[in-house]
Amino acid sequence: MEKIIDIQHLSKDFGSHRVLRDIDFSVNKGEVVSIIGSSGSGKSTLLRCINLLEKPTSGQIIYNGENILDDKHDIYAYRTKLGMVFQQFNLFNNHDVLSNCTVGQVKVLGRSEEEAKAVAMKYLKVVGMDQYIHAKAKQLSGGQKQRVAIARALAMEPDVMLFDEPTSALDPEMVGEVLKIMKDLAESGLTMLVVTHEMDFAREVSDRVVFMDQGVIAEEGEPGKIFNNPEEERTKEFLKRIL
Ligand code: ADP
Ligand code: MG
């Protein structure tokens with residue numbers, strides 16, 4: 001299998017607090033990986049180090065065979081390869097749906113307005129939000145906002161999508177519509193890395209589940225193994241608490 005992201009000995013400190021400890025972790029092309037674990041275990045920091053929203057303290061991130069922490073590497077070009085979906089959507093609330101989905105394409109990728117609109121429409125259709133292009137983001141429900149945020153990320157046509165608890169800020173009745181889109185994306189062959197508390201999603205949709213505890217990957221494996229037959233005591237304890 002072809003590794004698209006290969007992380008070696010990744011550590012991250014905030015001051016004297018070591019939040020990630022010597023993490024080795026890789027993602028294969030087309031793979032869907034769920035990251036689970038207690039609050040504070042370092043899941044978000046791991047995603048943020050992967051897309052360089054945080055600078056790793058030490059270690060390597062190899063992307064398609066290239067060490068992207070190397071000084072001569074173009075991190076801006078790298079970042080465009082990774083789409084990010086946040087818990088809090090991070091939309092421009094006073095902008096309409098269409099412009100939320102075009103601005104990055106124009107500013108970062110240098111696409112024309114016309115092309116950006118066409119691409120945005122394509123992905124707004126994928127998430128079922130093409131009827132709302134002139135609505136302001138702030139007028140949308142949480143589920144609709146998150147669907148727009150997914151379309152915005154997809155419109156950049158990234159190689160990998162990173163999701164950080166995309167349904168945690170949603171009212172319960174809206175969780176399903178977002179998970180359904182993520183499931184469809186997973187089945188389409190997109191490479192996805194998903195931090196989630198939705199254990200049904202992790203179990204049913206992912207190829208692999210990674211359990212993080214106190215800054216390390218305590219255990220990883222196929223969902224069947226992690227959920228039905230975990231080896232580590234701390235995995236068992238975590239699952240007992242949340243299932
Ligand atoms: P998770 O996403 O698993 O809940 P995080 O990666 O957000 O965990 O946080 C891991 C640890 O790092 C926590 O102790 C948190 O307080 C700390 N942390 C995260 N971001 C920062 C930051 N910018 N500055 C200082 N500490 C941080
Ligand atoms: Mg987090």
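Restricted to segment 161-189, and to residues there that are more than 16 Å from ligand 2 (Cβ to nearest atom) and within 16 Å of Leu47 (Cβ to Cβ), the residue that is nearest to the chain's Cα centre (by Cα) is Met161. Kindly indicate the residue of segment 39-67 that is hydroxyl-bearing (Ser, Thr, Tyr) and more than 7 Å from ligand 1 (Cβ to nearest atom) and also surrounded by the most Cβ atoms within 10 Å (Cβ to Cβ) among those meeting that condition. Filtering segment 39-67 for residues that are hydroxyl-bearing (Ser, Thr, Tyr) and more than 7 Å from ligand 1 (Cβ to nearest atom), the one surrounded by the most Cβ atoms within 10 Å (Cβ to Cβ) comes out as Tyr63.
Any chance segment 152-160 includes a residue that's of a type outside the set (Asp, Glu), at pLDDT 95 or above and within 16 Å of ligand 2 (Cβ to nearest atom)? No, because not a single residue in segment 152-160 is of a type outside the set (Asp, Glu), at pLDDT 95 or above and within 16 Å of ligand 2 (Cβ to nearest atom). Taking the criterion of being among the β-branched types (Val, Ile, Thr) and in contact with a Lys or Arg (Cβ under 6 Å, 6 or more places away or on another chain), the only residue of segment 57-92 that qualifies is Thr57.
Okay, residues lined up against (1) among the small types (Gly, Ala, Ser); (2) touching a Leu at 6+ places or on another chain (Cβ under 8 Å); (3) touching a residue at least 60 places away in the same chain (Cβ under 8 Å):
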{"residue": "Met182", "(1), (2), (3)": "no, no, no"}
{"residue": "Ser188", "(1), (2), (3)": "yes, no, no"}
{"residue": "Met192", "(1), (2), (3)": "no, yes, yes"}
{"residue": "Glu198", "(1), (2), (3)": "no, yes, no"}
{"residue": "Arg208", "(1), (2), (3)": "no, no, yes"}
{"residue": "Lys225", "(1), (2), (3)": "no, no, no"}
{"residue": "Glu232", "(1), (2), (3)": "no, no, no"}
{"residue": "Leu239", "(1), (2), (3)": "no, no, no"}
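If you check Phe227 against the conditions, is it over 18 Å from the mean Cα position of the chain (by Cα), outside any loop (DSSP other than H, G, I, E, B) and at pLDDT 95 or above? So Phe227 passes the test.
Against the conditions (1) over 30 Å from Asp22 (Cβ atoms); (2) away from ligand 1 (no atom under 16 Å from the Cβ), Asp207 satisfies every one except (1).
The values are calculated or read from the model by the stated rules, or taken from the named source; none is laboratory data. Keep in mind that what you see is a predicted model, and the values were worked out from it rather than measured. When we count neighbours, we look across all protein chains shown, and the Cβ atoms used for this are built from the backbone with ideal geometry, even at glycine.
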